[in-house]
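Asker: One structure, pasted below without further comment.
None of the figures in this text is laboratory data; all of them are computed from the coordinates on show. This structure is a prediction, so every number in the text was calculated from the model and none was measured. Here the Cβ is made from the backbone with ideal geometry for all residues, glycine too, and neighbour counts use every protein chain on show.
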């Protein structure tokens, strides 16, 4: 239909009557309403099978390769990519707030204790529901895993470890609100400071606290541009890694490289850093390559799993964050509050002293999400 509307010769274009009578409108699936989560993620419409096939056909005709009449120049291709990526500013799925495109500028009312109240946010309410219903529907993306490599870290193994650690922590934690002592100093670790979801076309992009940029593409491949911007790391799977000079990326990867650069430009210009955790010192050696193994988005939160065992959960409603990491021999839990102020605790100190209501509710939600993911 769109191709018919955009015919170069006016006489060949579809008329208004032909457009309104087109099967896209007469047979396509149109929901009565969209859920509130559409502000931060692609809505799961569950269209009937006939409509699903029609929409798939339309999507292929618009974005699929098809039969190319002529190979376009790289400048024209980059211009098209630039126009599409600039649509991030106007697309709700790429926003980290319901109404703004910066992190942490819509704080909500604080929660005063573990007990439920009418002023609780959706996260607190959801975690205290007695029913065993699903946390929510989710969308996700994963790095392709290679079979036969026993030493490769997978999203499942990271999830299983985090599930066991959090379950033990919450089951042993004393009842009531506690005030554990945060660490005054700790080893710097890498975490996600900015992110953007454009998985309806390309993939999921993120910026780490060390300023490296990564994209987990929809086809399951992963590309990283380190902070130095001198090299490019490309993972075909979690065990097949390739490295190129930034000026010598193979031709077949140029399209993905362009998308990576535009994601980087968008995040630098439009998004704020999501917390006050210190970055790695410039003089220190670079950390091992960090790979996003899987991301999962629900109606209330974004969960990210990395190949070094780090788990990070970002909550949309108030932009708080939980980061479970293990930089040395013990697990650390970092909590970034509504004001983007962070505190890092030994997980053992939470077991001994308990934690604040805010942390407790978010830990419960994360545990429930991991449990339901493990069962699915």
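Asker: Find the centroid of the Cα atoms in the stretch 238-274 and in the stretch 1-31, then give the distance between the two in whole Å.
Answerer: The two parts, judged by their Cα centres, are 36 Å apart.
Asker: Taking a label point 7 Å from the Cα of residue 375 along the Cα→Cβ vector, which residues of the stretch 294-310 have an amide N closer than 18 Å to it?
Answerer: Taking a point 7 Å out along Cα→Cβ of residue 375, the residues of the stretch 294-310 whose backbone N falls under 18 Å are 298-299.
Asker: Label-point separation (nm) for residue 156 and residue 185, each offset 7 Å from Cα along Cα-to-Cβ?
Answerer: 4.2
Asker: Tell me, 306, 242 in order of fewest to most beta-carbon neighbours within 10 Å?
Answerer: 242, 306
Asker: Taking other Cβ within 10 Å of each residue's Cβ, how do 318, 17, 197 sort, fewest first?
Answerer: On the way: 318 20, 17 8, 197 25.
Starting with the residue having the fewest Cβ neighbours, the order is 17, 318, 197.
Asker: If each of residue 368 and residue 248 carries a label point 7 Å out from its Cα toward its Cβ, how far apart are those two points in nm?
Answerer: Modelled inter-label distance: 5.3 nm.
Asker: State the extension gain, in nm to one decimal, for the chain segment bounded by residue 255 and residue 20, taking 0.36 nm per residue of separation less the distance between their alpha-carbons.
Answerer: Residue separation times 0.36 nm, minus the Cα-Cα distance, leaves 81.0 nm.
Asker: When a/c is below 1.5 the answer is rounded, else prolate if a/b is larger than b/c, else oblate, so apply that to the stretch 139-375 with a ≥ b ≥ c taken from the square roots of the Cα gyration tensor eigenvalues. It would help to have the intermediate numbers written out before the result.
Answerer: On the way: a/c = 1.81, a/b = 1.61, b/c = 1.13.
In terms of gyration-tensor shape, prolate.
Asker: A further question follows. I'd like to compare 166-176, 210-220, 335-345: which one has the highest average count of other Cβ atoms within 10 Å, and what's the full order after that?
Answerer: Packing proxy ranking, top to bottom: 210-220, 335-345, 166-176.
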